[in-house]
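Asks: Input: one structure, supplied below.
The values are calculated or read from the model by the stated rules, or taken from the named source; none is laboratory data. Only a predicted model underlies this, so the values are computations on that prediction, with no experimental measurement involved. So basically every Cβ, Gly included, is an ideal-geometry build from the backbone, and we count neighbours across all protein chains shown.
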Amino acid sequence: MKAILFSLFLIISTLGRSQYTTGNAWVSAGISYRISDFTFGLEEGVRFTEAAINQTYSDISVKYKFNKYLRTGFTWRNAQKNGFLDADRIDNRFSGDILGRFKKKKTLTFLRLRYQSKYKDWFVRENGHLPESYLRTKLGFRCPLRKKVSLETAAESYYTFKNDARYINRFRVYFGVNYQIKKQHGIEVNYIYQSRVQEANPEVGHILSLSYSYDINAALKKRRKRRKKQEGQQIKKPTF
């Protein structure tokens, strides 16, 4: 409850200063495969702004689990601006994560530190080879609502490294619902409030995000259990 109230405070505190507002919709689908403590992932996404395609992207990631408290990961994102038509406007983003997790009384608390560098419009900008770098800090909480449903809230800040300046220029607040349809299928719906800071008329974004995930390991495990059950039934079947 404290986390939700804190997130609401961040939103309300900026509404009076906001003059430029956008509506956004994000849709993505991802697949993951786990080998020992490594998890490999692929995600495809489309982002809309004011009913027009703003960006399409592909993420390739690898994550490593040290223990139940600490994880790390690396992601490469290839993003295409203005939808699928403008092949010249391509961004490449590289990011590294450190994720800490702590669970108490069914409530999961997590802190993610992400350093990312984005190379924007490599082919059409004179300085496209120079990255835009950020340190993103995200603090969140997740608690179960019922058997397959959980609620999540989080707050994230963007600390930019730009033109020898160091300052926070953006933050996001998340409210989400996670639904595990089956062990291998998952759906997550989020409302994201995003605002720039340290600007005279900061841009504010209201984002509705829908993501689907597929776990190959869970699917293979389910298939093995089904096959084992069928083999057991055949053995028990009487022969004449």
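Asks: Go through the stretch 173-228 and give me each residue that's in a loop (DSSP other than H, G, I, E, B) and of a type in the set (D, E, K, R). Explain how you work it out, then say what you get.
Replies: Taking the stretch 173-228 as the starting set, the residues that turn out to be in a loop (DSSP other than H, G, I, E, B) are 180-184, 197-202.
Within the stretch 173-228, LYS182, LYS183, GLU199 meet the criteria.
Asks: Does ILE168 count as among the β-branched types (Val, Ile, Thr) and closer than 25 Å to TYR33 by Cβ?
Replies: It is false that ILE168 is among the β-branched types (Val, Ile, Thr) and closer than 25 Å to TYR33 by Cβ.
Asks: Hey, can you tell me all the residues within the stretch 193-228 that are of a type in the set (S, T, N, Q) and surrounded by fewer than 12 Cβ atoms within 10 Å (Cβ to Cβ)? Break it down stepwise before answering.
Replies: Taking the stretch 193-228 first, the residues of a type in the set (S, T, N, Q) are 194-195, 198, 201, 209, 211, 213, 217.
Selection gives GLN198, ASN201.
Asks: Here's a follow-up. Of everything in the stretch 1-39, what is more than 30 Å from ASN67 (Cβ to Cβ), modelled with pLDDT of 85 or more and surrounded by 14 or more Cβ atoms within 10 Å (Cβ to Cβ)? Give them in sequence order. Give the steps one after another, and end with the answer.
Replies: Residues of the stretch 1-39 more than 30 Å from ASN67 (Cβ to Cβ): 5, 8-27.
Next cut, modelled with pLDDT of 85 or more only: 23-27.
Once the filter is applied, which keeps residues that are more than 30 Å from ASN67 (Cβ to Cβ), modelled with pLDDT of 85 or more and surrounded by 14 or more Cβ atoms within 10 Å (Cβ to Cβ), the stretch 1-39 yields ASN24, ALA25, TRP26, VAL27.
Asks: Quick one: which residue in THR137, THR75 is farther than 21 Å from THR39 by Cβ, at pLDDT 95 or above and out of contact with any Cys (no Cβ under 6 Å at 6 or more places or on another chain)? Quick ask: steps written out before the conclusion?
Replies: On the way: THR75 fails: farther than 21 Å from THR39 by Cβ.
Matching residue, one of THR137, THR75: THR137.
Asks: Taking only the stretch 60-73 into account, find how many residues are farther than 12 Å from LEU42 by Cα and in a strand (DSSP E or B).
Replies: Residues that pass the stated criteria total 6.
Asks: Just to be sure I understand, how many residues within the stretch 200-234 are of a type in the set (S, T, N, Q) and either at pLDDT 85 or above or touching a helix residue (DSSP H, G or I) at 6+ places or on another chain (Cβ under 6 Å) (or both)? Give the steps one after another, and end with the answer.
Replies: First, pick out the residues of the stretch 200-234 that are of a type in the set (S, T, N, Q): 201, 209, 211, 213, 217, 230, 233-234.
Checking which are either at pLDDT 85 or above or touching a helix residue (DSSP H, G or I) at 6+ places or on another chain (Cβ under 6 Å) (or both) leaves us with 209, 211, 213, 217.
Residues that pass the stated criteria total 4.
Asks: Can you pull out the residues in the stretch 51-106 that are surrounded by 13 or more Cβ atoms within 10 Å (Cβ to Cβ) and polar (S, T, N, Q)?
Replies: ASN54, GLN55, THR56, SER58, SER61, THR72, THR75, ASN78, GLN80, ASN82, ASN92, SER95
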